[in-house]
1. Calculate how steeply helix 48-62 sits against the longest principal axis of the alpha-carbon atoms of the chain, using the helix alpha-carbon long axis, and give the answer as 0 to 90 degrees to the nearest 10.
2. Check cross-link reach from residue 225 to the lysines: straight Cα distance under 18 Å, and skip same-chain residues fewer than eight apart.
3. Averaged per residue, what accessible surface does segment 36-166 expose to a 1.4 Å probe, in Å²?
4. Angle, helix 10-29 long axis vs. longest principal axis of the chain, Cα atoms, 0 to 90°, nearest 10?
5. For the chain, what is the Kirkwood hydrodynamic radius in Å, using each pair of distinct C-alpha atoms?
6. Quick one: if you stick a label point 7 Å off each Cα along the C-beta vector at residue 146 and residue 172, how many nm between them?
7. Under 8 Å for C-alpha pairs, at least 6 residues apart: give me the relative contact order for segment 1-132, rounded to a whole percent.
8. At R0 = 25 Å, how high is the FRET efficiency between residue 195 and residue 229 if r is their beta carbon distance? Nearest 0.05 is fine.
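The values are calculated or read from the model by the stated rules, or taken from the named source; none is laboratory data. This structure is a prediction, so every number in the text was calculated from the model and none was measured. Every residue, glycine among them, receives a Cβ derived from its backbone with ideal geometry; neighbour counts consider all protein chains shown. In case anyone asks, the SASA skips ligands and DNA or RNA and just uses the protein heavy atoms, side chains included. Shrake-Rupley method; radii C 1.70, N 1.55, O 1.52, S 1.80 Å.
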Amino acid sequence: MNSNKPKVSVLLMLLSTLFCVCLIAANVLETKQISVGPVSLTGGLIVFPVSYIINDCVCEVWGYAKARLLIWMGFAMNFFFVLLGALCDWIPGASYWDNDAGFHAVFGLAPRIAAASFVAFLAGSFVNAYVMSRMKLHSQGKHFSLRAIVSTVAGEGIDSLLFFPLALWGVVPTDELPVLMLWQVVLKTLYEMVALPLTIRVVRRVKRYEGEDAYDEGVDYGVMKIFNI
């Protein structure tokens, strides 16, 4: 029986799965504070930038519409994970369970932090995909490295500008917030730059394997056009 339903790319499915895993892992790792030289950061820095690299790859190969679907899927899976963690944290522990404090520290995400994280993620991810798409059209597909870096700076910048004031205003000294935001953007951008040679090779091979190299001519950039792919 013939079917006119669109086929699912295995590589896109795998990248989408990795994207969701990175977002969920970042939520858990954010609960640990780490030091990189003299700078204090959260453990989410280890994995969160990978989501931006995947966003770049998907937007570059399959186009903005697929990246938009990826972003909303990541948001939904992350929200579902946080919801399950909050529910389990709320249910009283067994009488012999003596690790409530540790579990709460990891999964008892404060509503303010969760809301700030979701808003910042959506805004930063869509800015990243939009900049990547528009720069590709403007450059006629050239300068992938520049597009990847500029889109990351834009996306991470918006992410940090939203997350830190929304989540930490009144908790962290006001004069420390700009420093935290700047270091987040700088280090995450350096992360992407270090990974860039690998990203370029992956994108080239995926394009060759898929026979795809999308240009978003006439695309509707509305963020709510989720299934307009």
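1. The answer is roughly 20 degrees.
2. Within the straight-line cut-off, residue 225 pairs with 66.
3. That works out to 46 Å² per residue.
4. It is inclined by approximately 20 degrees.
5. Taking the inverse mean of 1/r over all distinct Cα pairs, the chain comes out at 18.8 Å.
6. 3.2
7. With pairs under 8 Å counted, the relative contact order is 26 percent.
8. 0.40
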